[in-house]
Ligand SMILES: C[S@@+](CC[C@H](N)C(=O)[O-])C[C@H]1O[C@@H](n2cnc3c(N)ncnc32)[C@H](O)[C@@H]1O
C-alpha cells in the first residue's frame, strides 16, 4: 500500500533529481506533513527514495515507479487508475473463493465495466493499460497465425484496435471491423489512421451482447471470454454464432489455463471479473453448447494461445 500511495501521489516523479523536503511536497499535494514523513521514511526503507541534502530524492531503483519509464507498474499501483483500483478487489478474494463470484462489485457497488462507463478517467487508463500490456505480444500474435485466410475479420471487444491494426498492416488483403463500447470504439479510428489502415478498417460502437456485424470470415475474441463467467460467455458466443457464416471461424485468443496462464493472473480474473483462464477442455465444453467444434490450438506467444472454432456441419 505504501508503493500504491506513493505512485498515486506521484512521489517517485516529484522527487526525481534533486528531490525536495517533506514540507514542500506536503504543501504542494495538500497532504499531512507528519503522515507524509512516515510514508517517505518507509519508502526509504524500501529503497524507493533516499535522504538527500534537499530532503528526499528518488533512487535509481525507485525510478521504476516513475510514469515515463514505459513499464506497466504504475497502471497496477495507481489507486485512481483502472488496474490499481481493480487490484484492491483482492481484499474480496475470500468471498470470491467461497462463492465463485467476482469481488469487484462487492467492493465498489457495481461491476468493473459499469465503473469504467461512469468514470472516463478509469476508462482511459484501462484502454492505455490494454495497449501497454500488448506492446510485446502483438508481433508474436500477428506472426504466429495465418490471418490471411480471412478476407474480413470482426474484432469483438477490440479495444483501441492495436491488434487489429497490426494484423491489417501485415496483411493488405484483409478488411477489419472493430466492435467495442464507446468512447473506446471511436478512439480506435485514431489507431487505424496511425497505422495507415483506416481505408480497410471499420468501427462499430456497441455491445457484444447485442447482434454483431454479420457475414465476416472470422470473429476474433481476444482476451474477452476470460472477463466473464460462463453465463455471459455463453451469451457472447450466442451472438458470434448468429453472425458467423457456415464457413466462418471464431478465433479465441487468451492465456489458456494450464498452458499459457499465470496463476496470479487467474485469481485476478476471478476477483475482478468473476471470470477465469479456461482450460482447453473448458473452452470445448463452452463452445460445443453452440454447435462449435475446436479445430486447433496454437501457442502464439509465451502468454497467449489461439483456439480456432468452426461450426459443426
Ligand atoms: C480485456 S479488454 C481486451 C481488449 C482487446 N481485445 C485486446 O486484446 O487488447 C476487453 C474489452 O472488452 C470490451 N467490452 C467490455 N464489455 C463490452 C460489451 N458489452 N460490448 C463490447 N465490448 C465490451 C472492453 O471495452 C475492452 O475493450
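All of the numbers you see were taken from the coordinates with simple rules; none came from a lab. As the structure is a computational prediction, the values presented were derived from the model and not from experiment. Positions of Cβ are generated from backbone atoms using ideal geometry, with glycine treated the same way; all protein chains shown enter the neighbour counts.
Would you mind ranking 96, 32 by Cβ crowding within 10 Å, fewest neighbours first?
The most exposed by this proxy come first: 32, 96.
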Task: Largest-first principal axis extents, alpha carbons of the range 2-68, Å - done: 25, 25, 21
Open item on the list: How large are Rg and Dmax for the chain when calculated on the C-alpha trace, in angstrom?
Closed with: 21.9, 75
Open item on the list: Order these by the 10 Å Cβ neighbour count, fewest first: 85, 279, 107.
Closed with: 279, 107, 85
Task: Inter-probe distance in nm under a simple model that places probes 7 Å from Cα toward Cβ, at residue 54 and residue 21 - done: 1.3 nm
Task: Alpha carbon centroid spacing (whole Å) that separates the range 127-165 from the range 236-275 - done: 15 Å
- [ ] Could you state the angle between the C-alpha long axis of helix 263-273 and the longest principal axis of the C-alpha atoms of the chain, as a value from 0 to 90 degrees rounded to the nearest 10?
- [x] 80 degrees
Task: Helical mean residue ellipticity (222 nm; -39500 (n - 2.57) per DSSP H run of 4+; nearest 500) of the chain - done: -12000 deg cm²/dmol
Task: For the range 70-132, Kirkwood radius (reciprocal of mean inverse C-alpha pair distance, Å) - done: 12.0 Å
